[in-house]
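Trainee: Would you mind keeping the following structure in view while I ask a few things?
The values are calculated or read from the model by the stated rules, or taken from the named source; none is laboratory data. These numbers come from a predicted model, not from an experiment. Neighbour counts are summed over all protein chains in view; Cβ atoms, including those assigned to glycine, are modelled from backbone coordinates with ideal geometry.
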Amino acid sequence: MARYTGPRQRIARRFGEPIFGPSRVLSRKNYAPGIHGRFKRANKLSEYGRQLMEKQKAKYIYGVLERQFRRFFEKASRMKGNTGENLLQLLERRLDTVVYRMGFARTRPGARQLVNHGHIYVNGRSVTIPSYLVAPGDVISFSPKARQREALCKVFDEQSGRQKYPWIEIRKAEYAGTFLYVPSRSEIPENIQERLIVELYSK
């Protein structure tokens, strides 16, 4: 299955943000990678460059490639309401994102792997598609086999309380959680200027 497998910290340094999680490398080298990284100036970017960078950042944060990201945008543009907000809401409904938010994994790539390997159930059924869109009321849980794996349960016990999201209800004793509702833009914590993405695709 297609996914980005290149160096992550170089990407984080390019955007100047810890988009893959806390990074000691980024704190030591808070400039763009490459021989000229120290001397690049952000204000030299054109408007198109800013729009492209924002789209690339969103793709890396949510772990999707260009074709799939484009499909999400086209679906968002057909929905009622603000296209940029619709796009982020669709990305937040991805099963791998929900699994990550609930604390089943430490990282989004880790959450994607859990889904691919059949360790995640949705409403009591195995779902192995990371891009599966979760609906309000869906119950996400470990598979019976996953609950027998001490390492997976330990991660959930550690991560499930790291940050609370109002649209997610977690039941630690059951190794499960419920996706209560689709979050509004103000509730989504990612630092993404979706307006620039809409402008880019609207050209």
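Trainee: Where in region 92-158 are there helices (runs of 4 or more DSSP H), lying fully within it, with 2 or more residues that are surrounded by 13 or more Cβ atoms within 10 Å (Cβ to Cβ) and either over 13 Å from the mean Cα position of the chain (by Cα) or at positive phi (or both)? Working first, answer last.
Mentor: Details: elements: 95-102, 108-116, 144-147.
Qualifying helices (runs of 4 or more DSSP H): 108-116, 144-147.
Trainee: Within region 120-138, work out how many residues are touching a residue at least 40 places away in the same chain (Cβ under 8 Å) and within 21 Å of Ala173 (Cβ to Cβ).
Mentor: The total comes to 2.
Trainee: Let me ask you something else. Test Ile170 against the criterion of being in contact with a strand residue (DSSP E or B) (Cβ under 7 Å, 6 or more places away or on another chain) and surrounded by 13 or more Cβ atoms within 10 Å (Cβ to Cβ), and give yes or no. Outline the logic, then answer.
Mentor: Details: in contact with a strand residue (DSSP E or B) (Cβ under 7 Å, 6 or more places away or on another chain): yes; surrounded by 13 or more Cβ atoms within 10 Å (Cβ to Cβ): yes.
Yes: the conditions hold for Ile170.
Each row is one residue, and each column tells you yes or no for (1) assigned to a helix (DSSP H, G or I); (2) on the phi > 0 side of the Ramachandran plot; (3) modelled with pLDDT under 90; (4) surrounded by fewer than 13 Cβ atoms within 10 Å (Cβ to Cβ).
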| position | (1), (2), (3), (4) |
| --- | --- |
| Glu17 | no, no, yes, no |
| Phe20 | no, no, yes, no |
| Gly34 | no, yes, yes, yes |
| Leu52 | yes, no, no, no |
| Lys55 | yes, no, no, no |
| Arg67 | yes, no, no, yes |
| Glu74 | yes, no, no, yes |
| Gly81 | no, yes, no, yes |
| Asn86 | yes, no, no, no |
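Trainee: Determine, yes or no, whether Arg93 is under 27 Å from Glu54 (Cβ atoms) and touching a strand residue (DSSP E or B) at 6+ places or on another chain (Cβ under 6 Å).
Mentor: For Arg93, the condition - under 27 Å from Glu54 (Cβ atoms) and touching a strand residue (DSSP E or B) at 6+ places or on another chain (Cβ under 6 Å) - is met.
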